[in-house]
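Q: Take this structure, written in structure tokens, and hold onto it; I'll ask about it next.
The values are calculated or read from the model by the stated rules, or taken from the named source; none is laboratory data. Keep in mind that this is a model prediction, so the values were computed, not measured. Here the Cβ is made from the backbone with ideal geometry for all residues, glycine too, and neighbour counts use every protein chain on show.
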């Protein structure tokens with residue numbers, strides 16, 4: 001187990017809620033920033049603040065160097081073949097929309113997603129299907145929230161042009177076998193996009209061994225600010241695709257007759273980027289690597305299993321997802337609305353997420369409007385689990 005003293009690295013965790021210590025278990029929605037990340041953000045605005053790439057003055061040069069060093073740090077963390085394969089976006093949703101607007105597809109082609117997807121990995125593909133005449137197909141899941149691999153194999157064909165798949169379900173914590181599913185799809189020449197928003201804080205990610213063409217994630221899932229994310233993509237693919245947004249930085253030369261586009265990664269980074277966000281994201285990667293992702297994963301695995309055991313003692317509770325879930329523990333208590341439950345334990349200082357978790361089709365599959373979800377990070381402790389279980393038992397008795 002990681003030391004409980006790590007909490008002191010996160011100033012916000014010292015906050016009180018209704019006079020009680022904050023127990024923050026909403027990490028699948030957003031994680032908090034440790035002091036080194038906050039320092040990186042503050043240092044940028046106090047010492048580097050300037051627009052990048054085109055300025056010749058000192059601050060412009062320093063800011064550019066810091067921004068591009070951040071790209072190198074992130075590429076190294078992901079084992080990308082080159083920093084040029086790291087494209088900064090505003091987050092996972094932005095990265096998926098970018099992909100859905102540049103990938104080639106024709107009428108009658110098929111786009112394959114899964115029953116476990118977040119809305120951000122459903123709606124952009126629906127929009128693409130609507131405007132192109134492509135067909136959207138869905139890999140079903142079983143009663144444990146695990147994808148049906150036989151159905152997946154049957155859905156794959158030469159018509160499958162895009163597979164867009166979450167690595168870890170934000171609602172149920174299901175871990176999909178993305179390497180194996182990617183390999184199966186590549187046999188048909190399918191372009192594969194992996195939504196790693198929930199995987200990035202919990203697992204080591206090697207994009208070269210993963211084999212997917214594109215991977216997306218958000219910084220605020222891994223102890224960095226909101227409004228910044230990454231689309232990692234294979235150079236061989238991205239160099240053949242058109243840009244999405246037009247404007248500054250994504251061009252080499254502009255005339256009224258013709259524009260020539262910039263090289264990677266700048267072809268996909270139109271306009272002034274979130275410079276501070278990229279620098280802070282690199283600081284977050286440095287922070288988690290100073291602790292060790294293997295150690296973080298082992299710590300969180302113990303916590304989520306302890307939580308599942310403790311919560312299973314509550315009469316009428318249902319836990320969703322497989323036993324080997326990662327990150328998120330979703331549950332419902334018979335006869336109690338998830339919103340009422342979340343609101344009441346908030347009064348006891350416990351922060352969880354209630355609702356459909358941007359997974360309405362998945363909720364419909366399980367005949368529910370939503371669940372209560374506790375999700376875990378490196379700063380959570382066994383005491384947090386005890387506090388959660390105690391609060392839920394008390395709330396359940398009050399609401400029945």
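Q: So in the stretch 6-37, with the set limited to residues that are in a helix (DSSP H, G or I) and touching a residue at least 40 places away in the same chain (Cβ under 8 Å), which one is nearest to residue 217 (Cα to Cα)?
A: 37
Q: Something else now. Residue 192: in contact with a strand residue (DSSP E or B) (Cβ under 9 Å, 6 or more places away or on another chain), over 18 Å from residue 273 (Cβ atoms), in a strand (DSSP E or B) and modelled with pLDDT of 95 or more, yes or no?
A: yes
Q: Right, next: Are any of the residues in the stretch 372-390 touching a helix residue (DSSP H, G or I) at 6+ places or on another chain (Cβ under 6 Å), at positive phi and either at pLDDT 95 or above or not in a strand (DSSP E or B) (or both)?
A: The answer is no; no qualifying residue exists.
Q: Pick out the one residue from 253, 257, 249, 239 that is at positive phi and surrounded by fewer than 20 Cβ atoms within 10 Å (Cβ to Cβ).
A: Unique residue meeting the criteria: 249.
Q: Can you tell me which condition residue 64 does not meet? The list is (1) out of contact with any helix residue (DSSP H, G or I) (no Cβ under 7 Å at 6 or more places or on another chain); (2) in a loop (DSSP other than H, G, I, E, B), and all the others hold.
A: (2)
Q: Something else about it: Only one residue in 313, 295, 300 is within 30 Å of residue 66 (Cα to Cα) and either more than 19 Å from the chain's Cα centre (by Cα) or not assigned by TED's automatic domain parsing to the domain that holds residue 65 (or both). Which one?
A: After ruling out the rest, the residue left standing is 295.
Q: Would you point out which residue out of 139, 111 is closer than 27 Å to residue 265 by Cα, assigned by TED's automatic domain parsing to the domain that holds residue 189 and surrounded by 20 or more Cβ atoms within 10 Å (Cβ to Cβ)?
A: 111
Q: In this structure, is residue 219 touching a helix residue (DSSP H, G or I) at 6+ places or on another chain (Cβ under 7 Å), buried (at least 21 other Cβ atoms within 10 Å of the Cβ), under 25 Å from residue 165 (Cβ atoms) and touching a residue at least 40 places away in the same chain (Cβ under 8 Å)?
A: yes
Q: Are there any pairs, at least 6 apart or on different chains, whose C-beta atoms fall under 7 Å, with the first in the stretch 145-169 and farther than 30 Å from residue 29 by Cβ and the second assigned to a helix (DSSP H, G or I), and if so, which?
A: 153/184; 156/184; 156/185; 160/185
Q: Just for strands (runs of 3 or more DSSP E) wholly inside the stretch 236-348: which have at least 3 residues that are under 26 Å from residue 377 (Cβ atoms)?
A: 317-320, 328-333
Q: Does the stretch 129-149 include one or more residues that are touching a helix residue (DSSP H, G or I) at 6+ places or on another chain (Cβ under 7 Å) and assigned to a helix (DSSP H, G or I)?
A: No - not one qualifying residue is present in the stretch 129-149.
Q: Looking at the structure I just gave you, is residue 134 modelled with pLDDT of 95 or more, closer than 15 Å to residue 363 by Cβ and not assigned by TED's automatic domain parsing to the domain that holds residue 327?
A: The answer is no for residue 134.
Q: If residue 344 satisfies all but one of (1) under 29 Å from residue 203 (Cα atoms); (2) in contact with a helix residue (DSSP H, G or I) (Cβ under 6 Å, 6 or more places away or on another chain), what's the number of the condition it fails?
A: All conditions are met except number (1).
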